[in-house]
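These notes concern the structure reproduced below.
Nothing in this text is a laboratory measurement; each read-out follows from the coordinates by a stated rule. Model, not experiment: these values are computed from the prediction. Using ideal geometry, Cβ is built from the backbone for each residue, glycine included, and neighbour counts are taken over all protein chains shown.
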Amino acid sequence: MRVCLPSHFGKTFNLSVIEEFFNVVTCQDAEPVNGSIDKAAGRANRMKLFKDSLLREENPEFFEEHFCKIPVIRINMKVRREGHVA
């Protein structure tokens, strides 16, 4: 997906929400126990973000079918200039 909108239009926030919804559970969502991730705890932690979401209320089938099921790769294409803090 390519998103082209003006500055301060909410692109990063919207992509972060999409990433949180689709991305599989990672070690950032739950503490690893004995080297493996507790996926149920990670999913529950992430579910808190979407507790009162319209998508979950109006289309629960879609929510359950896709929530935390698709690996997401996020690439930042911002170019850093020398001497500039991004």
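For a Förster distance of 22 Å, can you work out the FRET efficiency between the beta-carbons of Asn45 and Phe22, rounded to the nearest 0.05?
Taking R0 as 22 Å, the efficiency between Asn45 and Phe22 is 0.90.
Of all the C-alpha pairs in the chain, what % are more than 16 Å from each other?
Beyond 16 Å sits 63 percent of the P(r) for the chain.
Per DSSP H run of at least 4 residues, take -39500 (n - 2.57); add these up for the chain, divide by its residues and hand me the 222 nm value, nearest 500 deg cm²/dmol.
Helices in the chain give a 222 nm mean residue ellipticity of -10500 deg cm²/dmol.
Setting aside same-chain residues fewer than 8 positions from Lys51, which lysines have a Cα under 24 Å from its Cα?
Straight-distance partners of Lys51: Lys11, Lys39, Lys69.
Using R₀ = 22 Å, calculate the FRET efficiency as 1/(1 + (r/R₀)^6) where r is the Cβ-Cβ separation of Ser36 and His66; round to 0.05.
With a Förster radius of 22 Å, E is 0.40.
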